[in-house]
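Here's the structure, in structure tokens; my notes come after.
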Amino acid sequence: MASGGEGRATLGLTKPVAIEVPQVSFSAKEIDFAEWKGDLLTIAVSEKDISKDEDSKFLNSILKKLDGQLNGLLSEVLIEEDFKGKNGQSVVLRLPGFGFKRLGLVGVSQSTSSSLAAIHREIGEAIAAAAKAAHASSAAIILASTNGILDEFKLTVASAISTGIVLGYYEDNRYKSESKKFYLKSVDIIGLGSGPEFDKKLKYSNAVSSGIIFAKELVNSPANVLTPAILAEEASKIASTYSDVFTAKILDVEQCTELKMGSYLGVGAASSNPPHFIHLCYRPPNGDVKTKIAIVGKGLTFDSGGYNLKVGPACSIDTMKFDMGGSAAAFGAAKVIGQIKPPGVEVHFIVAACENMISGTGMRPGDIVTASNGKTIEVNNTDAEGRLTLADALVYACNLGVEKIVDLATLTGACIVALGPSIAGIFTPNDELAKEIAAASMLTGEKFWRLPLEESYWESMKSSVADMANSGGRHGGAILAALFLKQFVDEKVQWMHIDVAGPVWNDKKRIATGFGVSTLVEWVLKNSS
């Protein structure tokens, strides 16, 4: 992320330092693992793989061969370390006399609720942890058993492993006085296949990883650094980096006023950092467009709750820098699209960026704002602000003549209550669009669950003085928020709302996840010719 610029906030004199992002080269090989030479050979092992016969020999051919070469040392170590191949378990041995310096074993998840991609991305993250601890510059990975993986899924598995390695290895140290050195330079994936298809897929995975890291950096950046102006600056940089396919348009307050975006401007009215409406447009290199789609991301760089101030121990006001997680996913995806340049599809990335603060110019509970489609909204809760910004962003997207819109927003705590911290809620009246995102997520391992757009609930969103209220009480809060957004989407446009309030942020590690980027990219590819 940029460390300077006109819109940079100076509060606290904090600026991110430029840090090294791991540049790992991946290759797929069909060789005997015993012939591999390098720092760390890792084997992904399940509980089933470590089963033994009546002679106490491994049933798995790879482990049996390795144990034979080590004169039974592998069996001894697994017993001593109580390694059972369970998810999260790992053991690393230093081995003299081999082409590789260290041997690592990592457990494989047996979860039936996780996709093939999610399981192998976890394996990649475990390998990254082992490589990091060993200061390895070269590593290789082999799955103890590939019997259950159909040939058509081997590319997906290799891709997931490589993505997991890059993301597991990367650490965001931009705001620390000392940064760590990255050692890992190359990884060989053995036994899944090789050739041009694998090379292309691994190159694609690296591009996706770079987009996810970018999204993580945006969300991790504090609000005194990442202001709406800086978010606009970062988006503009994507357009200038990939200027052959991208253009950027940044609208200021005056231009948004001309477009009658009263709903959006009402939210940003209290902040000394003015709103910036961001519109990136991707057009394929040959200019041939068959499908026009839009990705709209919520871009609250900080959310205080406004006059309905976030208070109490569970309010999470200290993590409200993550309230632009939807925009981070959108721009992370834009960065990937700029690199892979899919044909036949035009993609608009739209973010109404602002801060929700408190001041004498701020929006009050009971105020009425008018959106750009002329609909009036009684603001009965200033902390239900994301939907107000998205209202004008969705109207803007529809006016571009797009056929499909997906919006992503850290919109409601209610969605986290319903689905927990790892699953995003999706809302759409369109079954085909739901299938597209479901198919994309199967390839990425990200978790989504479709929730109902229960029209009868809209009754609680009615206002006696305006067309609607912006909040309808506690029950079914995620559904009410989606029903609100639906009021600002043209009926001819296929639309989906994704509530990512849970999965964009890892509460245990207090760090961003980059959720949404990979699925958005796959969705764009599905709409490409």
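The values are calculated or read from the model by the stated rules, or taken from the named source; none is laboratory data. Computed from a predicted model, the values in this text were never measured in an experiment. Here the Cβ is made from the backbone with ideal geometry for all residues, glycine too, and neighbour counts use every protein chain on show. All accessible areas refer to the heavy atoms of the entire protein, side chains included, with ligands and DNA or RNA removed. Shrake-Rupley method; radii C 1.70, N 1.55, O 1.52, S 1.80 Å.
Taking the criterion of being in contact (Cβ under 8 Å) with a residue 24 or more places away in the chain, closer than 16 Å to ALA384 by Cβ and not charged (D, E, K, R), the residues of the range 436-469 that qualify are TYR457, TRP458, SER463, ALA466, MET468, ALA469. Taking helices (runs of 4 or more DSSP H) as the structural unit, those lying wholly within the range 217-272 and holding at least 1 residues that are buried (at least 23 other Cβ atoms within 10 Å of the Cβ) and within 24 Å of the chain's Cα centre (by Cα) correspond to 228-241.
Is it the case that some residue within the range 49-57 is open to solvent by 20 Å² or more (accessible area, probe 1.4 Å), free of Cβ contacts under 8 Å to residues at least 12 places away in the same chain and either closer than 25 Å to GLU122 by Cα or among the aromatic types (Phe, Trp, Tyr) (or both)? There is at least one residue in the range 49-57 that is open to solvent by 20 Å² or more (accessible area, probe 1.4 Å), free of Cβ contacts under 8 Å to residues at least 12 places away in the same chain and either closer than 25 Å to GLU122 by Cα or among the aromatic types (Phe, Trp, Tyr) (or both). Residues that are surrounded by fewer than 21 Cβ atoms within 10 Å (Cβ to Cβ) and over 30 Å from ASN286 (Cα atoms): does the range 390-409 have at least one? No, the range 390-409 contains no residue that is surrounded by fewer than 21 Cβ atoms within 10 Å (Cβ to Cβ) and over 30 Å from ASN286 (Cα atoms).
For ILE127, the conditions (1) part of a helix (DSSP H, G or I); (2) farther than 20 Å from SER159 by Cα; (3) within 32 Å of the chain's Cα centre (by Cα) are fulfilled apart from (2). All of (1) open to solvent by less than 80 Å² (accessible area, probe 1.4 Å); (2) at pLDDT below 90 hold for LEU40 with one exception: (2).
Across the range 301-347, the qualifying residues are those that are part of a helix (DSSP H, G or I) and acidic (Asp, Glu), and the one among them that is most open to solvent (accessible area, probe 1.4 Å) is ASP318. Answer yes if at least one residue in the range 127-150 is closer than 21 Å to ALA512 by Cα, open to solvent by 10 Å² or more (accessible area, probe 1.4 Å) and in contact (Cβ under 8 Å) with a residue 12 or more places away in the chain, and no otherwise. Yes, the conditions are met somewhere in the range 127-150. Being of a type in the set (Ser, Thr, Tyr) and either under 15 Å from the mean Cα position of the chain (by Cα) or over 26 Å from ALA397 (Cα atoms) (or both): is that true of SER471 here? No: the conditions fail for SER471.
Using the structure shown, decide if ARG121 is among the charged types (D, E, K, R), in contact (Cβ under 8 Å) with a residue 12 or more places away in the chain, open to solvent by less than 20 Å² (accessible area, probe 1.4 Å) and farther than 21 Å from LEU63 by Cα.
No: the conditions fail for ARG121.
When the range 96-111 is filtered for residues that are under 20 Å from LEU143 (Cβ atoms) and surrounded by 14 or more Cβ atoms within 10 Å (Cβ to Cβ), the ones remaining, listed by number, are PHE98, PHE100, ARG102, LEU103, GLY104, LEU105, VAL106, GLY107, VAL108, SER109. Test ASP490 against the criterion of being of a type outside the set (Val, Ile, Thr) and open to solvent by 60 Å² or more (accessible area, probe 1.4 Å), and give yes or no. Against the criterion (of a type outside the set (Val, Ile, Thr) and open to solvent by 60 Å² or more (accessible area, probe 1.4 Å)), ASP490 qualifies.
Listed here are the residues, each with its yes/no results for (1) within 25 Å of SER145 (Cβ to Cβ); (2) open to solvent by 10 Å² or more (accessible area, probe 1.4 Å); (3) modelled with pLDDT of 95 or more.
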| residue | (1), (2), (3) |
| --- | --- |
| SER179 | no, yes, no |
| SER186 | yes, yes, yes |
| SER194 | yes, yes, yes |
| LYS201 | yes, yes, yes |
| ALA215 | no, no, yes |
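With respect to the conditions (1) crowded, with 22+ Cβ neighbours inside 10 Å; (2) closer than 21 Å to ARG387 by Cβ; (3) touching a Ser or Thr at 6+ places or on another chain (Cβ under 8 Å); (4) not charged (D, E, K, R), LEU280 falls short on a single one, namely (2). Of the set (1) open to solvent by 40 Å² or more (accessible area, probe 1.4 Å); (2) under 20 Å from the mean Cα position of the chain (by Cα); (3) among the hydroxyl-bearing types (Ser, Thr, Tyr), all apply to THR412 but (1).
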